[in-house]
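The values are calculated or read from the model by the stated rules, or taken from the named source; none is laboratory data. Since the model is a prediction, treat every value here as computed from it, not as a measurement. Because the Cβ atoms are built from the backbone with ideal geometry, glycine has one as well, and the counts that use them run over all protein chains shown.
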Amino acid sequence: MVNNVLECRLNQKTITNIQGKIQNMIKLQNRVLNPTGFFKRILAKTMGRVLNSTGFFKRILAKTMGGVLNPTGFFKRILAKPTGAVLNPTGFSGAALPPNPLGFPPHPTDLSVGGIALLLLLLAACGKKEAPVTILQTVDEAIPVRTVIVQQKTVTLPIHASGILTSSAEQRLSFKIGGIIRKIYVAEGDMVRAGQLLAVLDKTEIDAQVVQAQQGLAKSERDLARVEGLYKDSSATLELLQNATTGRDVAKETVRIATFNQQYAEIRATKSGKIIKKLMNEGEITGPGTPAFVLFETGANDWVVKTNVSDRDWVRLNKGMPTRVTMDAYPGTIFLCKVTDLAPAADPQSGLYPVEVGISPQGKRFAPGLFAQVDITPGQSRPYAIIPIESIVEGDGKSAFIYALQADGSSVRKVSVQVAFIEGNMAVIESGLEGVTEIITSGAPYLTEKKKVKKI
């Protein structure tokens, strides 16, 4: 009894599933016989391809129709199966279901219509694979670009350089003779006046040398006086008198040398300024000419910016040319200056020509070593080609590349140019655009010389 109830429930669930499948088949049949909307358009397009089939679609159709007219294998077994097996399935729990549980009259074309609908959908899906090939064959390969006409403009090429702020009267102070530093009277950063004592050596040795020279002079004078008396008495020859006179003169010069060295056993400021470096300390032994201090003159007219320029820029410069100087220490401040000195020869180490630009503090606090940017505008000018900076596709230093439009209006040529400088959003070209009238701007990064273009 329990087994019969379970079997009845199972059959009832199976019948419900079959009813849903049959309703779906009826809807599909109605759509095939009376197509509307999107399905109608798909069906019409598919039938058009069936009636006018070509290529791959034709081979698929021939193979499919051959399978219908001459079925074999699985397809043959499906066609051989009676229609009733679809509408009246069996084999569930060993019991046969009613032949027509929903009461629909049997339709002899149920299988054929469903098969045709399935076949049409399969053919439509196969036909869609050819569409991308047809589209790719008709794509326009020309790249849309924008172009501009190359302009010529007379420009004064400025000179840009960087330099260091320093003093025009930097001095390295040292002792004239060697010795032991006895006393240093100033420190780094101290302001000093002209003639002020900065440091002295231990003068024990130099003082002794002065005394020794003076005593030698006294002896030579006594010798000369004795020889002169003998010469008057004709007891001494003229040669002895002359030798004594020479000895006295040598002794005098020896005293002068010793006294002079004694004076330079100390360092005094030659001009007013600031001690920016102290290179020696008390008790150290120094040699003749070894720097002990670095003195900077700090007057309003003593500051200069030292920079270096190439030979091409050096020949365009003259003393007195107006110059603009900017400093990172004072952003936004422009110092109006002039070229004060041009080196007559290049630096042997760098190969560049030193240039000095006089600068006034203009109320700012200056210190040696401040970094400065120098812009000099010479009076000479010449015509240059002007192009938008967006037209440059590659660059390395001053070398760059652009694409020039050819005469046919559809091909391009890659051109190497030399950039003089950048001014805003425009590039000033020094050379390379001779004979070029029109260049690519928008779209240039996507081009090669093999690509075709079209102007927009």
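Out of (1) in contact with a Leu (Cβ under 7 Å, 6 or more places away or on another chain); (2) exposed (fewer than 15 other Cβ atoms within 10 Å of the Cβ), the odd one out for Lys183 is which? Every listed condition holds for Lys183 apart from (1).
Each residue in the range 377-397 was checked for being at pLDDT 90 or above and assigned to a loop (DSSP other than H, G, I, E, B), and 2 of them qualify.
Does Arg382 meet the test of being more than 22 Å from Thr156 (Cα to Cα), more than 19 Å from the chain's Cα centre (by Cα) and of a type outside the set (Phe, Trp, Tyr)? The answer is no for Arg382.
Say whether the condition of being among the hydroxyl-bearing types (Ser, Thr, Tyr), outside any helix (DSSP H, G or I) and surrounded by 12 or more Cβ atoms within 10 Å (Cβ to Cβ) is met by at least one residue in the range 234-245. Let's see the steps before the verdict.
So in the range 234-245, the residues among the hydroxyl-bearing types (Ser, Thr, Tyr) come out as 234-235, 237, 245.
Remaining after also requiring outside any helix (DSSP H, G or I): 234-235, 237.
After this cut, where a residue has to be surrounded by 12 or more Cβ atoms within 10 Å (Cβ to Cβ) as well, the list is 237.
The answer is yes, given that some residue of the range 234-245 is among the hydroxyl-bearing types (Ser, Thr, Tyr), outside any helix (DSSP H, G or I) and surrounded by 12 or more Cβ atoms within 10 Å (Cβ to Cβ).
Can you say whether Ala400 is surrounded by fewer than 17 Cβ atoms within 10 Å (Cβ to Cβ) and aliphatic (A, V, I, L, M), as far as the supplied structure shows?
On the way: surrounded by fewer than 17 Cβ atoms within 10 Å (Cβ to Cβ): no; aliphatic (A, V, I, L, M): yes.
It is false that Ala400 is surrounded by fewer than 17 Cβ atoms within 10 Å (Cβ to Cβ) and aliphatic (A, V, I, L, M).
Val453 fulfils the conditions (1) over 14 Å from Thr147 (Cβ atoms); (2) in a strand (DSSP E or B); (3) out of contact with any helix residue (DSSP H, G or I) (no Cβ under 6 Å at 6 or more places or on another chain) except for a single criterion, (1). The residues in the range 296-344 that are touching a Gly at 6+ places or on another chain (Cβ under 8 Å), closer than 28 Å to Ala187 by Cα and at pLDDT 90 or above can be counted, and the count is 3. On inspection, Leu295 does not qualify as without any contact (Cβ under 8 Å) to a residue 40 or more places away in the chain, of a type outside the set (Lys, Arg), surrounded by 12 or more Cβ atoms within 10 Å (Cβ to Cβ) and under 28 Å from Ile164 (Cα atoms).
Taking residues in the range 182-194 that are closer than 20 Å to Pro368 by Cα and of a type in the set (Val, Ile, Thr), and partners anywhere that are part of a loop (DSSP other than H, G, I, E, B) and modelled with pLDDT under 90, the pairs with Cβ atoms closer than 8 Å and at least 6 places apart or on different chains are Val192/Ser272.
How many residues, within the range 395-438, are of a type outside the set (D, E, K, R) and within 26 Å of His160 (Cβ to Cβ)?
Filtering the range 395-438 for residues of a type outside the set (D, E, K, R) gives 395, 397, 399-407, 409-412, 415-422, 424-429, 431-433, 435-437.
From the residues that got through so far, the ones that are within 26 Å of His160 (Cβ to Cβ) too are 395, 397, 399-402, 415-422, 424-429, 431-433.
So the count comes out to 23.
Of the residues that sit in the range 351-393 and are within 30 Å of Ile439 (Cβ to Cβ) and among the hydroxyl-bearing types (Ser, Thr, Tyr), which one is surrounded by the fewest Cβ atoms within 10 Å (Cβ to Cβ)? Taking the candidates together, the pick is Ser381.
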